[in-house]
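Data block below; observations after.
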Amino acid sequence: MDKRKIVAKKRFENVHKELLGVGEKLLNTKNLTEITLNSITDYTEISKTTIYEHFTSLDSFLAGVVQHVYEKMISEFRSKKEGDPKQNIKTMFIDYKEFVYKNPNLGKNIYASFVMLSGSDKFPKINLYEDLEKELDMLGLDNEEKKIFLKKFNFSIDDFRNDLENGNTASIDLLINDLTFYLEKY
C-alpha cells in the first residue's frame, strides 16, 4: 500500500477515535436532546467538515459512540473472565451496575440512544450478548432456556435503571442475587 494512504488511513482512524471519545464525554455531560453533531466542536478542534466525513448523521454518531462504550465494557469484562460461567455472568451484571453508578448520565443516554436506534439501520452491533450467550452455552442451556434467561437479564437491567433513577439502590443487590439464584439450577 502507498505510504501516503497508510498515513491518511492512520490519521482518519485517530480522528475517529477522538470523535468517539468526545461523544462519550458529551453523553456523560449533556442530555441526549442537547447533543448535535455541531456540539462536538465544543470539545475538540476537529472541523465540522471532518466531523461530517466521519458521521453523516446524529444517528450514525450515536451508534458509533454506543458501540465504542460497549466495546470498552466488553474488553474490561473479558479481562476479568474466569472459568466459571455463572461467575462470569454475575461479573457482567456487576460490571454493568458499576459502570452505570460511575456514569449515570452516560448510562441513561446510552440506553436512550439504544432505544432510539433500535428500529433503524444504524443500530450498533453489540458483542455483549454474544459473550453472554457463550457463557449460557457453557452452562448447557438450550435455546428456549437462553431466551428465558436473556429476558430475565434484560428485565433486571431495566429494573436496575429504574431503581437507580428513583434512588432505590437497595434492591439492586437483590436483582444480582435473583439472577445468581436463577443460574444455580444449571
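The values are calculated or read from the model by the stated rules, or taken from the named source; none is laboratory data. Every value quoted in this text rests on a predicted model; they were computed, and no experiment measured them. For accessibility, only protein heavy atoms count, side chains too; no ligands or nucleic acids. Shrake-Rupley method; radii C 1.70, N 1.55, O 1.52, S 1.80 Å.
Leaving ligands and nucleic acids out of the surface, order Leu37, Leu164 by accessible area at 1.4 Å, largest first. List each step's numbers first, then the result.
Numbers: Leu37 10, Leu164 45 Å².
So the residues, ranked largest to smallest area, are Leu164, Leu37.
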(Q) Tell me the accessible surface of Met116 in square angstrom (1.4 angstrom probe, heavy atoms of protein chains only), to the nearest ten. (A) 90
Q. From the phi of every residue in the stretch 47-55, what ³J(HN,Hα) in whole Hz does the Karplus formula 6.51 cos²θ - 1.76 cosθ + 1.60 yield, where θ is phi - 60° and glycine or proline is x?
A. 6, 4, 4, 5, 4, 6, 6, 8, 9
**Q.** Mean separation of Cα contacts under 8 Å, 6 or more apart, over the residue count of the stretch 28-123: relative contact order %
**A.** 43
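222 nm [θ] for the chain, helices only, -39500 (n - 2.57) per DSSP H run of 4+, per residue, to 500?
Numbers: 8 runs with 138 residues, N = 186.
Helices in the chain give a 222 nm mean residue ellipticity of -25000 deg cm²/dmol.
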**Q.** Highest-MSF residue in the chain out of Ile126, Ile148, Ile40 [GNM, Cα springs under 10 Å]
**A.** Ile148
Q) For the stretch 1-46, what % of the accessible area comes from carbon and sulfur atoms, probe 1.4 Å? A) 52
Q: Once you have a ≥ b ≥ c as the square roots of the Cα gyration tensor eigenvalues for the stretch 114-163, tell me rounded if a/c is under 1.5, and otherwise prolate or oblate according to whether a/b is larger than b/c.
A: oblate
Q: Would you mind giving the average projected area, over all directions, of the Cα convex hull of the stretch 1-130 in nm² with one decimal?
A: 9.9
Q.
Give me the percent of accessible area attributable to carbon and sulfur for the stretch 69-186, probe 1.4 angstrom.
A. 51
(Q) Output wanted: per-residue J couplings in Hz (rounded whole) for the stretch 28-40, from phi through Karplus 6.51 cos²θ - 1.76 cosθ + 1.60, θ = phi - 60°, x for Gly and Pro. (A) 8, 10, 10, 7, 4, 5, 8, 9, 9, 4, 5, 5, 4
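Quick check on my link table: of Lys30/Lys125; Lys90/Lys151; Lys25/Lys86; Lys108/Lys185; Lys3/Lys122, which ones sit more than 26 Å apart, alpha carbon to alpha carbon? If you can, show how the numbers build up before the last one.
Values: Lys30/Lys125 24 Å; Lys90/Lys151 15 Å; Lys25/Lys86 33 Å; Lys108/Lys185 33 Å; Lys3/Lys122 32 Å.
Check vs 26 Å cut-off fails for Lys25/Lys86; Lys108/Lys185; Lys3/Lys122.
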Q: Enumerate the calculated ³J(HN,Hα) couplings along the stretch 80-86 in order (Karplus 6.51 cos²θ - 1.76 cosθ + 1.60, θ = phi - 60°), each rounded to whole Hz, writing x wherever the residue is Gly or Pro.
A: 9, 4, 10, x, 9, x, 4
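At 1.4 Å probe size, with every protein chain present, just tell me what the per residue accessible area of the chain comes to in Å².
Working: 10690 Å² over 186 residues.
I get 57 Å² per residue for this part.
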